[in-house]
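Below you'll find the structure, written out as structure tokens, and then a few comments.
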Amino acid sequence: MLDHPAIPWPGLPTLPDAERIARAQGVRDQLRTRRTCRYFSDTAVPRAVIEAAIEAAGTAPSGANHQPWHFAVIGSAARKAEIRAAAEEEERAFYTSKASAEWIEALAPLGTDADKSYLAVAPWLIVIFGQRRGGILPDDDRQNYYVMESVGIATGFLLAALHAANLATLTHTPNPMRFLNTLCGRPASEKPVMIVVAGHAAADATVPRHALRKKPLEQIASWL
């Protein structure tokens with residue numbers, strides 16, 4: 001084995017197989033209830049909830065353990081309005097000229113359009129950035145590895161934690177997204193990946209039936 005500082009594996013409680021299965025199925029069943037929400041209320045959500053969810057995201061595995069992510073959290077009404085305005089400008093261009101006919105057809109069952117009013121209504125926006133350079137120490141300036149893969153895993157952790165707190169969520173990816181660097185005060189070396197919208201669903205919120213269709217196990221897994 002490599003000679004490097006290490007601690008003993010912390011270990012996990014020994015469980016009977018039946019309980020392991022039950023726990024895995026419990027997580028599966030909870031996550032199955034998550035739905036992308038496009039209709040939010042402005043009901044406040046404590047900052048501590050968002051902090052804990054981001055701390056959960058920060059435990060995700062990453063290339064060389066460099067943790068190449070930054071979460072810019074926006075709660076200011078003025079800043080949220082700025083993000084909405086900039087995002088809708090990009091979305092109007094997307095729907096009128098940038099997107100292919102096939103892409104627009106694929107989105108049709110979801111009923112999406114250039115209106116992103118939820119960006120100004122929901123109490124929290126979390127803008128996730130991938131860092132090409134960094135490292136584990138605050139002043140590190142080293143090459144980061146597997147940035148998008150690492151950020152993707154961390155985002156999954158974030159969504160799961162927010163869902164466990166019974167919050168509605170949505171992932172939004174305006175294209176291009178460079179305006180987020182300016183509005184969030186992040187350096188050009190960081191790549192905005194997505195906006196996670198978090199809050200409570202509006203009382204009259206709906207979900208497209210198309211979004212309920214999930215591939216069964218036999219379509220998403222193979223056993224070799």
* Sequence-distant or interchain residues sharing an amide H contact under 5 Å with Trp124, placed H: which? -> Ala198
* Hey, what's the per residue convex hull volume over the C-alpha atoms of the stretch 133-191, in cubic angstrom? -> 124
* Asked: Among Val121, Thr59, Val207, whose Cα lies farthest out toward the positive end of the dipole of the chain, if unit charges sit on the beta carbon of Lys, Arg (+1) and Asp, Glu (-1)?
  -> Val207
* Structure fact -> Here, the stretch 99-211 modelled as identical Cα point scatterers in vacuum has Debye log10 I(q)/I(0) at q = 0.12, 0.19 Å⁻¹ of -0.55, -1.20
* To do: Quick one: order Lys214, Lys116, Lys98 from most to least accessible surface, probe 1.4 Å.
  => Lys214, Lys98, Lys116
* Sorted from largest down, what three extents in whole angstroms do the Cα atoms of the stretch 14-133 have along their principal axes? -> 56, 36, 33
* Structure fact -> Within the stretch 1-71, DSSP-loop GluC sites (Glu not before Pro) with at most 10 other C-beta atoms within 10 Å are none
* Using DSSP, restrict attention to beta bridges with both residues in the chain and report what percent are antiparallel, rounded to the nearest 5. => 95
* Spatial separation of Cα centroids for the stretch 129-172 and the stretch 189-224, in angstrom -> 17
* What does a probe at Glu19 reach in the stretch 152-170, counting residues whose amide N is under 11 Å from the point 7 Å along Cα→Cβ? -> none
* What FRET efficiency would be calculated for the residue pair Leu110, Asp140, taking the C-beta separation as r and a Förster radius of 35 Å, to the nearest 0.05? -> 0.30
* **Gyration tensor verdict on the stretch 65-151 (Cα atoms; rounded if a/c is under 1.5, prolate if a/b is larger than b/c, oblate otherwise)** => oblate
* Which helices count as membrane-span-like in the chain under these terms: full DSSP H, at least 18 Å along the axis by C-alpha, Kyte-Doolittle mean of -1.0 or more? -> 17-31, 147-164
* Any idea how far the Cα center of the stretch 59-90 sits from the one of the stretch 10-28, in Å? -> 34
* Asked: Counting each DSSP H run of 4 or more residues in the chain as -39500 (n - 2.57), what helix-only mean residue ellipticity at 222 nm follows after dividing by all residues, to the nearest 500 deg cm²/dmol?
  -> -11000 deg cm²/dmol
* Structure fact -> note: the chain, Cα-Cα separations exceeding 25 Å make up a percent value of 50
* Structure fact -> Excluding residues fewer than 8 positions from Lys214 in its own chain, the aspartates and glutamates with Cα under 19 Å of it are Asp29, Glu105
* Could you state the principal axis extents of the C-alpha atoms in the stretch 1-73, from the largest down, to the nearest angstrom? -> 53, 37, 20
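The values are calculated or read from the model by the stated rules, or taken from the named source; none is laboratory data. Since this is a predicted model, take the numbers as computed values, not measurements. Neighbour counts are summed over all protein chains in view; Cβ atoms, including those assigned to glycine, are modelled from backbone coordinates with ideal geometry. For the accessible areas, the whole protein counts, side chains as well, though only heavy atoms, and no ligand, DNA or RNA atoms are used. Shrake-Rupley method; radii C 1.70, N 1.55, O 1.52, S 1.80 Å.
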